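Every number here is computed from the coordinates shown, using simple stated rules; none is lab data. Bear in mind that the values here come from a model prediction, so they are computed numbers and not experimental data. Cβ coordinates were reconstructed from backbone atoms using ideal geometry, including for glycine residues, and neighbour counts include every protein chain displayed.
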Amino acid sequence: MKISKAAEDFILKNAERIGISLIDYNLPDNLPNLMKQTKGIAVKNNPELKRLFSVIKQNENSDFCVLARWIELFKGNPYNIDSKLL
């Protein structure tokens, strides 16, 4: 699995928004170097990325958290979602 530039930018911006440094997760803190690292074959099983995603997702100020809530809403109500819940 490869991560696109948009996804990497999303990761960087959300980490910055909630005050997390990717360096604390043994990951580059700039887009070009992050792109180099995430284009590798081992991205799917990268424990640092998994740990980073988990921390970002748990922070209510991150887009990861909002996205996770939306996914749960869609899973629970696939054909009947009130737009006010989003």
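Quick check: net charge around Phe64, other residues with Cβ under 14 Å of its Cβ, Lys/Arg +1 and Asp/Glu -1?
Values: positive: Lys13, Arg17, Lys50, Arg51, Lys57, Arg69; negative: Glu8, Asp9, Glu16, Glu60, Asp63, Glu72.
Taking every Cβ under 14 Å from that of Phe64, the sum is 0.
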Review point. By how many nm would the segment from Leu67 to Glu16 lengthen if fully extended, with 0.36 nm per residue of separation less the alpha-carbon distance?
Key: 16.6 nm
Exercise for review: Quote to one decimal, in nm, the extra length available between Asn33 and Arg51 on full extension: 0.36 nm per residue of separation minus the C-alpha distance between them.
Suggested key: 4.6 nm
